[in-house]
């Protein structure tokens, strides 16, 4: 049985193997810089040279250090790649994250990611965590607005239940779901 080596996500084609940067680009507890930034840049560039064209990161990784490291690593390949990042999870100490899905916070998160990644548009933006204090429809509604503004191309959600996915889909098209296998 032959499987496709690529798939389409909206207007772009992605190779089946992508590169997630959470552990590679941060320190212990997904906090701060990792101990060998130069090696991580080499690893990311080697992955790209070997066919990876989709990089996944998040503003909570570090916080912010992962997006900054990814931007540095991908400079020679910028136009060959698709980037995903996430917002809505606030890292406030090593190993600790809280959800913030308030539309105002999400706007701030997206603006920060655009600056750190040196992009005018983010290819795929995930709501990283569902905020128990904000209806998911409000959080996803804000992402839909940012999509209309051209800040993001595709909307994804992470760490969701089937019910939360259905509520999100009632607001706008959800292009990807990123959940743990366990």
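Readers should treat all values here as calculations from the given coordinates under stated rules, not as data from a laboratory. The structure displayed is predicted, hence computed values, not measured ones. Glycine also receives a Cβ, built like all others from the backbone with ideal geometry; neighbour counts cover every protein chain displayed.
Determine, for each peptide in 79-90, 148-159, the mean count of other beta carbons within 10 angstrom over its residues, then list the peptides with the highest first.
Ranked by mean Cβ neighbours within 10 Å, highest first: 79-90, 148-159.
What is the Cα centroid distance between region 22-93 and region 135-171, reported in whole angstrom?
Answer, in whole Å: 23.
For region 83-182, compute Rh as the Kirkwood radius over C-alpha pairs and then the Stokes-Einstein diffusion coefficient at 10 °C and 1.306 mPa s; write the answer in µm²/s, rounded to an integer.
119 µm²/s
Taking the number of other C-beta atoms within 10 Å as the exposure measure, put 124, 22, 98 in order starting with the fewest.
98, 22, 124
Tell me whether region 59-108 comes out rounded, prolate or oblate; compute the Cα gyration tensor, take square roots of the eigenvalues as a ≥ b ≥ c, and use a/c under 1.5 as the rounded threshold.
Because a/c hits 1.5 or more and a/b fails to exceed b/c, region 59-108 counts as oblate.
Using just the helices of the chain, give the 222 nm mean residue ellipticity in deg cm²/dmol: DSSP H runs with n ≥ 4 each add -39,500 (n - 2.57), and the total is spread over all residues, rounded to 500.
Theoretical 222 nm ellipticity from helices: -10000 deg cm²/dmol.
If you average 1/r over all unlike Cα pairs in region 1-153 and invert the result, what Kirkwood radius do you get in angstrom?
15.9 Å
Can you give the relative contact order of the chain as a percent, counting alpha carbon pairs under 8 Å and 6+ residues apart?
RCO, the chain: 16 percent.
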